[in-house]
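The values are calculated or read from the model by the stated rules, or taken from the named source; none is laboratory data. As the structure is a computational prediction, the values presented were derived from the model and not from experiment. Neighbour counts run over all protein chains shown; Cβ positions are idealised from the backbone, glycine included.
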Amino acid sequence: MPRKPTERRLNQRIVLTGGPAAGKTAVAEVLRKQLQDEIAVLPETATMLFRSGFPRPRDPAGRRLLQQTIYAVQRNLEGIYEIMKPDLAHVCDRGTLDGAAYWPGGVERFLGAMGTTLEAEFRRYDAVIFLRSSAHGRGEYHADGSVRTETAAQARELDRRLERIWSSHPRFHLVDHEVKFYEKVASVLIALERSMGLGRSKTPARAPRKKRS
């Protein structure tokens, strides 16, 4: 039986999100290796669908059907991980609300079509870590022609929409685009440690300070 929106989970769930080319998947892979005893990383639903040949319509009706599909698969994927890996925290490469940034008509119409509310979707996730897209930088953004097809301007707009959607979450952590990749990873690890208590056992002990003579 599907879980009601108001029910809580025993395991923690964190969203790793942001606009196109924010570094989400690369950061998630580092987290998978660094915190393998504490977390399970859920793959991005849209990428799984597109790489398996799922169509990517451009007209409004087709885009709505696409986002409905992604939303349903995302929820079911999260449910499967709850069953298969109940003792780990789950880090999701994007969350259910990401589809609202792509929905013709905006967030409220997306929520109405999915039969949910912003608050109900926020309750699905214990924290949100938002990585700003590299499209905000100079000459750093590149479309790959397959999964990432947006222009730099489109990527920036999607990034802004996603930030507006997620920023009201009570545990929202922002990582800017200007930092280097290893700094992004460090910022994400710090956010996970501070908000969820993850990775504390791996934090190196600080060397004691020398007393001044």
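Please state which of the following conditions ALA100 fails to meet, knowing it meets all the rest: (1) over 15 Å from the mean Cα position of the chain (by Cα); (2) among the hydrophobic types (A, V, I, L, M, F, W, C); (3) closer than 25 Å to ALA191 by Cβ; (4) surrounded by 21 or more Cβ atoms within 10 Å (Cβ to Cβ).
If we test ALA100 against (1) over 15 Å from the mean Cα position of the chain (by Cα); (2) among the hydrophobic types (A, V, I, L, M, F, W, C); (3) closer than 25 Å to ALA191 by Cβ; (4) surrounded by 21 or more Cβ atoms within 10 Å (Cβ to Cβ), just (1) comes out false.
Matching residues to (1) farther than 29 Å from HIS177 by Cβ; (2) modelled with pLDDT of 95 or more; (3) among the β-branched types (Val, Ile, Thr); (4) loosely packed, with under 13 Cβ neighbours inside 10 Å:
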residue: PRO2; (1), (2), (3), (4): yes, no, no, yes
residue: ARG8; (1), (2), (3), (4): yes, no, no, yes
residue: ALA21; (1), (2), (3), (4): no, no, no, no
residue: THR25; (1), (2), (3), (4): no, no, yes, no
residue: THR45; (1), (2), (3), (4): no, yes, yes, no
residue: SER52; (1), (2), (3), (4): yes, no, no, yes
residue: ARG63; (1), (2), (3), (4): no, yes, no, no
residue: VAL73; (1), (2), (3), (4): no, yes, yes, no
residue: HIS90; (1), (2), (3), (4): no, yes, no, no
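Of all residues in the stretch 103-117 being touching a residue at least 40 places away in the same chain (Cβ under 8 Å) and under 20 Å from the mean Cα position of the chain (by Cα), which is surrounded by the most Cβ atoms within 10 Å (Cβ to Cβ)?
Applying the filter and picking the extreme gives PHE110.
Quick check, is PRO57 of a type outside the set (Lys, Arg), in contact with a Pro (Cβ under 7 Å, 6 or more places away or on another chain), assigned to a loop (DSSP other than H, G, I, E, B) and surrounded by fewer than 17 Cβ atoms within 10 Å (Cβ to Cβ)?
Answer is no for this residue.
Report, by residue number, each residue of the stretch 95-127 that is assigned to a loop (DSSP other than H, G, I, E, B) and in contact with a strand residue (DSSP E or B) (Cβ under 7 Å, 6 or more places away or on another chain).
Hits for the stretch 95-127 are GLY95, ARG124, TYR125, ASP126.
Does THR69 meet the test of being among the β-branched types (Val, Ile, Thr) and assigned to a loop (DSSP other than H, G, I, E, B)?
no
Find all pairs meeting these conditions: Cβ atoms under 8 angstrom apart; at least six residues apart or on different chains; first residue within the stretch 170-195 and without any contact (Cβ under 8 Å) to a residue 12 or more places away in the chain; second residue of a type in the set (Lys, Arg).
GLU193/ARG200
Would you check if there is a residue in the stretch 80-89 being within 14 Å of the chain's Cα centre (by Cα), more than 27 Å from SER187 (Cα to Cα) and among the aliphatic types (A, V, I, L, M)?
Checked against the condition, which is being within 14 Å of the chain's Cα centre (by Cα), more than 27 Å from SER187 (Cα to Cα) and among the aliphatic types (A, V, I, L, M), the stretch 80-89 yields no hits at all.
Check off (1) within 15 Å of ARG94 (Cα to Cα); (2) out of contact with any helix residue (DSSP H, G or I) (no Cβ under 6 Å at 6 or more places or on another chain); (3) surrounded by fewer than 20 Cβ atoms within 10 Å (Cβ to Cβ); (4) in contact (Cβ under 8 Å) with a residue 60 or more places away in the chain for TRP166 and give me the number that stays unchecked.
(3)
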